[in-house]
Amino acid sequence: MSLRIIQPGMYSSMQDLGRSGYRAIGVPESGAMDTQSAQIANILVGNRASDTVIEFTHHGAALIAESPMIVAHCGGGASLWINDYPAVSGRGYLVKQSTLLQLKSNPSGYRSYLAVSGGFEASLDLGSSSTYTPAAMGGLNGRILKTGDQLRIRDQDVFQRVSQYFYPSGNNNDVKATSWGYYGRHYQNAASAIRIIKGPEWDCFTNNAIETFLNSSFRITTQSNRMGFRLQGKSLITEPLPELISTNVTMGTIQVTHEGDLIMLMADAQTTGGYPRIAQIASTDLSACAQLKPDEEIRFTLISAEEAEDLYLKKERDMFLLSEYIQMKYR
């Protein structure tokens, strides 16, 4: 059972939930930028939430199913079309051999995820299949996907177990779907304020700088990628900042450069940095950040660490309940 890449799209790679536990030796976590969408896609096809998926950046990718398989697509970066059939994001589909899967334009976000029942075979480096191209780790030979790549399915037993629960989808005889799915919005509009908590160097900034930070819009520049987003807006430098010894940073850390610009670190972020850390994005909003496109504007809103923890626990509870519900359907 396999899926073949016909067109890879802008930047497509194999990802799981990241390689944790190695930041102390300088290895980034990597993993899916929008972990929530990746997990939902896996759950919908009967996988573990942590299984390997394909992460697509924007639209333009096309793939051929070289055998019957079950797929699910989540995220705002593109819309999935199965042959000429528009699939619903957040629902599982059983497709026949030689079915064409295409990722077409969707203005809602920037990244989306495709899961298959049984998960994809991928290289495991330090316990994770996540692709980290600077070190050629994980995924398919540590690189982004290209035309002609054949992606094999790891566990065919999952496909056999869940395929009996799929039903004809409308008048299309080539596609079957579950009668259930996840139809909630798992990413927010870019116009919504991103929630943050105070960073370690928050008190190094003047009141005017903090006011600018919390009351201004910032634009995502084209100098943005999986490592981090550079934001353009009003400068936060009102007086010289102290020189810092390089210290730990992680996904969601917001740094301020010597010019007063913001850098928002993402999944492939380095493990240490010397710029002051003005804030940390609440983990529940990192998936929303992954859907931001160049030239979009965002704002930030300050919450307490306790509020951020409550949001995290609610998100984890919702994901657990979704997983339990889908598993019950597939029994």
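Just one of the listed residues (Asp155, Asp84, Asp125) is closer than 19 Å to Ile6 by Cβ and of a type in the set (Asp, Glu), namely Asp84. Contact map, segment 310-331: residues that are more than 28 Å from Asp157 (Cβ to Cβ) paired with residues that are of a type in the set (A, V, I, L, M, F, W, C) and part of a loop (DSSP other than H, G, I, E, B), Cβ distance under 7 Å, separation 6+ or inter-chain. Pairs shown: Leu311/Ala282. From the list Gly18, Gly76, the one residue that fits, being touching a residue at least 12 places away in the same chain (Cβ under 8 Å), small (Gly, Ala, Ser) and closer than 20 Å to Ser108 by Cα, is Gly76.
Screening Glu306 with (1) at pLDDT 95 or above; (2) more than 24 Å from Arg226 (Cα to Cα); (3) surrounded by 15 or more Cβ atoms within 10 Å (Cβ to Cβ) gives one miss only, at (3). Just to be sure before I move on: is Gln270 among the polar types (S, T, N, Q) and under 16 Å from Phe218 (Cβ atoms) in the structure I sent? For Gln270, the condition - among the polar types (S, T, N, Q) and under 16 Å from Phe218 (Cβ atoms) - is not met. Looking at Thr284, Thr253, Thr271, Thr247, just one residue is in contact with a Leu (Cβ under 8 Å, 6 or more places away or on another chain), among the hydroxyl-bearing types (Ser, Thr, Tyr), farther than 19 Å from Gln232 by Cβ and not assigned by TED's automatic domain parsing to the domain that holds Ala78, and that residue is Thr284. Look at Asp285 and say whether it is without any contact (Cβ under 8 Å) to a residue 40 or more places away in the chain, acidic (Asp, Glu) and not in a loop (DSSP other than H, G, I, E, B). No: the conditions fail for Asp285. Each residue in segment 122-166 was checked for being among the charged types (D, E, K, R), touching a residue at least 60 places away in the same chain (Cβ under 8 Å) and under 17 Å from Ser67 (Cβ atoms), and 4 of them qualify.
Residues are listed down the side, and each one gets a yes or a no for (1) assigned by TED's automatic domain parsing to the domain that holds Gln150; (2) in contact with a helix residue (DSSP H, G or I) (Cβ under 9 Å, 6 or more places away or on another chain); (3) assigned to a strand (DSSP E or B):
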residue	(1), (2), (3)
Ile6	yes, no, yes
Val27	yes, yes, no
Ala41	yes, no, no
Asn47	yes, yes, no
Ser50	yes, yes, no
His59	yes, no, no
Leu63	yes, no, yes
Tyr93	yes, no, yes
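Screening Ile70 against (1) of a type in the set (A, V, I, L, M, F, W, C); (2) over 20 Å from the mean Cα position of the chain (by Cα); (3) over 29 Å from Gln164 (Cα atoms); (4) surrounded by 24 or more Cβ atoms within 10 Å (Cβ to Cβ) leaves a single unmet condition, (3). Residues that are in a strand (DSSP E or B) and at pLDDT below 95 within segment 257-276 comprise Thr272, Gly273, listed in sequence order.
Of the residues that make up segment 59-67, is at least one more than 20 Å from Arg143 (Cβ to Cβ) and crowded, with 24+ Cβ neighbours inside 10 Å? No.
Which of the residues that make up segment 158-175 are modelled with pLDDT of 85 or more and exposed (fewer than 12 other Cβ atoms within 10 Å of the Cβ)? Correct list: Gln160, Gln164.
Count of segment 36-67 residues, restricted to those that are over 23 Å from Ser105 (Cβ atoms) and either of a type in the set (Asp, Glu) or touching a strand residue (DSSP E or B) at 6+ places or on another chain (Cβ under 8 Å) (or both), is 8. Summed over segment 41-56, residues that are of a type in the set (S, T, N, Q) and surrounded by fewer than 24 Cβ atoms within 10 Å (Cβ to Cβ) total 1. For segment 223-248, what are the residues that are in a loop (DSSP other than H, G, I, E, B), surrounded by 22 or more Cβ atoms within 10 Å (Cβ to Cβ) and under 19 Å from the mean Cα position of the chain (by Cα)? Arg226 - this is the single residue of segment 223-248 that is in a loop (DSSP other than H, G, I, E, B), surrounded by 22 or more Cβ atoms within 10 Å (Cβ to Cβ) and under 19 Å from the mean Cα position of the chain (by Cα).
The values are calculated or read from the model by the stated rules, or taken from the named source; none is laboratory data. Just so we're clear, the structure is a prediction, and the values are computed from it rather than from any experiment. As a convention, Cβ positions derive from the backbone with ideal geometry for all residues, glycine included, and neighbour counts pool all protein chains shown.
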